[in-house]
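Structure first, then comments.
Throughout, read-outs are computed from the coordinates displayed, never taken from laboratory work. Since the model is a prediction, treat every value here as computed from it, not as a measurement. Methodologically, a virtual Cβ is constructed for each residue, glycine included, from the backbone with ideal geometry; neighbour enumeration extends over all protein chains shown.
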Amino acid sequence: MNAVLIIGATSAIGAALAKECASKGWRLYLIGRNKERLATVAAEAEVRGAAKVETRVVDFGAVEKCQQLGEWIEKRNDLCRAVILPGVLSDEFASLVDWNQNVLVNFTVPAFLGRLIGEKLGENDDGGQLVLVGSVAGDRGRQSNGFYGAQKGALEIFANALRHRCYLKNRKVKVALVKPGFVNTPMTEQIKKNALFSEPEVIAQKILRILEKGGSKSYYAPGWWFFIMSIIKAVPNFIFYRTRL
Ligand SMILES: NC(=O)c1ccc[n+]([C@@H]2O[C@H](COP(=O)([O-])OP(=O)(O)OC[C@H]3O[C@@H](n4cnc5c(N)ncnc54)[C@H](OP(=O)(O)O)[C@@H]3O)[C@@H](O)[C@H]2O)c1
């Protein structure tokens with residue numbers, strides 16, 4: 001079994017990861033919202049040597065479609081690795097409807113599918129690897145992106161719980177959460193770039209290493225964000241609240 005499921009394959013990080021996985025000769029199940037972009041990512045994966053590529057278009061905003069995706073995943077018996085990438089950088093002043101949609105994309109659907117995939121991998125004798133994608137924004141509530149940060153923080157708590165649950169069912173199922181810092185992708189196109197930005201390929205390579213070697217904890221991507229976030233988390237409130245972070 002060497003099939004990998006990439007949910008959010010049309011994201012900048014997901015497309016870079018699909019290329020890496022294809023180069024390994026793995027079988028790919030690619031899920032995305034944008035049909036044309038998904039076809040491009042799939043065609044590139046075939047050129048790079050993927051053993052097989054299957055695609056499926058799903059909008060995380062449509063709950064019944066996510067349910068159907070879950071049923072489809074349950075039938076993929078060669079699945080041993082999965083990554084869940086969709087995310088939306090929420091507008092702090094969006095309407096209630098938009099907020100609801102954002103929670104679906106950033107938390108509810110990744111958690112639902114993560115749980116389902118964890119159960120599925122638990123049926124394999126040799127388990128499998130699941131990677132969820134959080135963010136450094138989930139480490140500490142900040143005035144500039146409290147809503148997005150809260151959802152990514154919740155996803156980390158959920159990943160911890162899922163890891164525990166999977167461990168009890170089949171110790172060979174591993175659950176990792178990758179927390180990128182700033183990445184140069186369409187999500188951050190409005191943000192002025194600085195030296196802290198990484199390219200999507202760097203994050204994709206980190207995820208690939210986890211898929212290959214196995215990982216069952218939270219990982220900063222790149223790893224040096226550990227030092228930055230350790231400082232940010234340690235700053236006392238009486239100083240932190242004077243900043244505009
Ligand atoms: N960029 C950063 O600085 C950064 C930092 C930390 C964490 N992250 C996380 O990294 C992950 C990948 O994001 P990215 O940086 O690669 O940005 P991106 O290229 O903008 O990708 C975001 C992806 O989410 C998908 N998406 C949004 N709403 C969706 C919906 N309703 N249904 C299905 N898919 C939906 C988008 O689909 P379409 O292709 O159809 O638009 C897109 O593929 C996200 O979870 C993000 O939160 C990013």
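Expressed to the nearest 5 percent, the antiparallel share of DSSP beta bridges inside the chain is 0 percent. Considering the range 124-188 at the alpha-carbon level, its Rg and Dmax are found to be 14.1, 46 Å. The three principal axes of the C-alpha atoms in the range 1-126 carry coordinate ranges of 44, 31, 19 Å, sorted with the longest axis first. Per residue, the average separation of C-alpha pairs within less than 8 Å and at least 6 apart gives the chain a relative contact order of 18 percent. Each principal axis of the Cα cloud of the range 202-243 was taken in turn, and the coordinate range along them, longest first, works out to 43, 20, 12 Å.
What do the square roots of 5 times the Cα gyration tensor eigenvalues come to for the range 123-245, in whole Å, largest first, as semi-axes of the equivalent ellipsoid? All intermediate terms of the calculation are to be shown ahead of the outcome.
Numbers: eigenvalues 163, 63, 27 Å².
One finds semi-axes of 29, 18, 12 Å for the range 123-245.
Work out the charge dipole of the chain with +1 on the Cβ of Lys and Arg and -1 on the Cβ of Asp and Glu about the Cα centre, then indicate which of Gly138, Ala159, Phe238 is farthest towards its positive end. The one lying farthest along the dipole's positive direction is Phe238.
Could you please rank Tyr220, Tyr167, placing first whichever residue has the fewest other Cβ atoms within 10 Å of its Cβ?
On the way: Tyr220 20, Tyr167 15.
Result, fewest neighbours first: Tyr167, Tyr220.
Taking amide H atoms as placed 1.01 Å from N in the peptide plane, the amide H of Gly128 lies under 5 Å from those of Val173, Lys174, each 5 or more residues away in sequence or on another chain.
Kyte-Doolittle cut-off 0.5, length cut-off 15 Å along the helix's own axis using Cα: show which whole DSSP H helices in the chain pass. Please list the in-between numbers first.
Numbers: long enough: 12-23 (17 Å, 0.93); 35-47 (18 Å, -0.02); 63-74 (17 Å, -0.64); 109-121 (18 Å, 0.80); 146-169 (34 Å, -0.13); 200-213 (20 Å, 0.19).
Flagged H segments are 12-23, 109-121.
What you get for the range 7-68, charging only the Cβ of Lys and Arg (+1) and of Asp and Glu (-1), is a dipole of about 100 debye around the Cα centre. Ignoring lysines fewer than eight residues from Lys213 along the same chain, the ones with Cα atoms less than 17 angstrom from its Cα are Lys24, Lys172, Lys174. Ordering Val57, Asn106, Phe93 by Cα displacement along the dipole of the range 1-138 toward the positive end leaves Val57 in first place; charges were set at the Cβ atoms of Lys, Arg (+1) and Asp, Glu (-1).
Rounded to the nearest 20 debye, the dipole magnitude of the range 116-237 is 360 debye, with +1 charges on Lys and Arg beta carbons, -1 on Asp and Glu beta carbons, and the Cα centre as origin. Over all Cα atoms in the range 3-240, the spread is summed up by Rg and Dmax: 17.1, 56 Å.
Applying Stokes-Einstein at 25 °C and 0.890 mPa s to the Kirkwood radius of the range 1-65, computed over alpha-carbon pairs, gives a translational diffusion coefficient of 215 µm² s⁻¹. Each Cα pair under 8 Å and six or more residues apart adds its separation to the average, and for the range 110-229 the resulting relative contact order is 28 percent.
How do Ile232, Ile191 rank when sorted from fewest to most other Cβ atoms within 10 Å of their own Cβ? Walk me through the numbers on the way to the answer.
On the way: Ile232 16, Ile191 11.
In increasing order of surrounding Cβ atoms, one gets Ile191, Ile232.
Extension gain, Val97 to Leu245, is 50.6 nm, computed as 0.36 nm per intervening residue step minus the present C-alpha separation. What size of dipole, in debye to the nearest 20, comes out for the chain about its Cα centre when the only charges are +1 on Lys and Arg C-beta atoms and -1 on Asp and Glu C-beta atoms? Dipole magnitude for the chain comes out near 700 debye.
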